[in-house]
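Input: a single structure, listed below in structure tokens.
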Amino acid sequence: MRILFITDPLETFKTYKDSTYAMMTEAAARGHQLFWCLQSQLSLFGDQVETVATPLQLTGDSHDWFREGTPALTSLKDFDAVLMRKDPPFDMEYVTSTWLLELAESQGARVFNKPSAIRDHSEKLAIAQFPEFITPTLVTRDIARIRDFHAEHRDIIVKPLDGMGGMGVFRVGADGMNLGAIVETLGEDGRRTLMIQRYIPAIKDGDKRILLIGGVPVPYSLARVPMAGEVRGNLAAGGTGRAQELSVRDREIAEALAPGLWQQGLLLVGLDVIGDYLTEVNVTSPTCFQEITQQTGFQVAAMFIDALEHAVEATGA
């Protein structure tokens, strides 16, 4: 297959933990041809969605890890698979890219995850579709309602809807200290909607990332355990990753969500679960492949490329 990866700049990759790098390595080992481009290189000319695609060869050296061929303007439909692996923020440029990728699909391109599914799927608000699995949650701009929620639950988390890597996540305890200032700052004085949730004490045991690939749960999660003095388990916020088998509750959540998400065209999904509660459904560029593989031996990237090959074959490529 000819596989195009839409990514951040290659020099920013941390190859020892990057999931896109793991995908590339597994695909190259199977003889697939790799290409890459930046989100900013997507374009529409006439009726064709194109990009400046650069051939990519891996060296096997984790530091000096790639060699590039000659870039060429190429229609997206000329690839067997296009993988959207650009990290958030999910801003208007990201939305514009999903529009272009959706148009490319109509021309015959095979894009994973499906652009319309990425665009229509709020990674934080999506949990509301599964109320049986979530902690008490409020989404609002209204400071009075947030204060009422705090008065009821006493210990809460406040976060923006468009954050990543734990950015902008605050805990407010029973004394309500700084609640008003936090809401005013994150909510830009009522101009931005916030998510407020009852604090889940099980965060001390980690914020579990559960991967769904092709509608099937990976049998291990990565519990991202907060560093001392933190409420955020995100690896980007200093958390420590600990791979572990899915619990009975983890599997219940994963198996309940997996078929529907796969039917929407989401080849790869990252569920976030704290204790017994679903907290996010990540679809932009889920990670944790390498950490799980390094600690358990389970080949996550191989499972992903298997699923990609089957998905492409199913489209008649």
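Inside region 277-317, can you point out the residues that are within 25 Å of TYR199 (Cβ to Cβ) and surrounded by fewer than 16 Cβ atoms within 10 Å (Cβ to Cβ)?
none
What tally of residues in region 48-77 results from selecting those that are loosely packed, with under 15 Cβ neighbours inside 10 Å and within 13 Å of ALA109 (Cα to Cα)?
0
Test of understanding: among ILE292, ILE253, which residue is under 23 Å from ALA81 (Cβ atoms), among the β-branched types (Val, Ile, Thr) and at pLDDT 95 or above?
ILE292
Which of the residues spanning region 83-134 are of a type in the set (S, T, N, Q) and either free of Cβ contacts under 8 Å to residues at least 12 places away in the same chain or crowded, with 19+ Cβ neighbours inside 10 Å (or both)?
THR96, SER97, THR98, SER106, ASN113, GLN129 - these are the residues of region 83-134 that are of a type in the set (S, T, N, Q) and either free of Cβ contacts under 8 Å to residues at least 12 places away in the same chain or crowded, with 19+ Cβ neighbours inside 10 Å (or both).
Looking at PRO217, PRO226, can you tell me which residue is crowded, with 20+ Cβ neighbours inside 10 Å, over 30 Å from LYS114 (Cα atoms) and in the same structural domain as LEU267 (by TED's automatic domain parsing)?
PRO226
State all residues of region 18-58 that are among the charged types (D, E, K, R) and modelled with pLDDT of 95 or more; if no residue qualifies, say none.
Within region 18-58, ASP18, GLU26, ARG30, GLU50 meet the criteria.
Write out, first by first residue and then by second, each pair whose Cβ atoms fall under 9 Å of each other, whose residues are 6+ apart or on separate chains, and whose first residue, in region 197-214, is under 18 Å from GLY270 (Cβ atoms) and of a type in the set (Gly, Ala, Ser) while the second is modelled with pLDDT under 95 and part of a loop (DSSP other than H, G, I, E, B).
Cβ pairs passing all conditions: GLY206/PRO226; GLY206/GLY233; GLY206/GLY239.
Pick out the one residue from ALA144, ALA109 that is over 26 Å from the mean Cα position of the chain (by Cα) and modelled with pLDDT of 95 or more.
None of the others qualify; the one that does is ALA144.
The values are calculated or read from the model by the stated rules, or taken from the named source; none is laboratory data. Quantities reported herein were computed from a predicted structural model and do not represent experimental measurements. In this analysis, Cβ positions are derived from the backbone assuming ideal geometry, glycine residues included, and neighbour counts consider all displayed protein chains.
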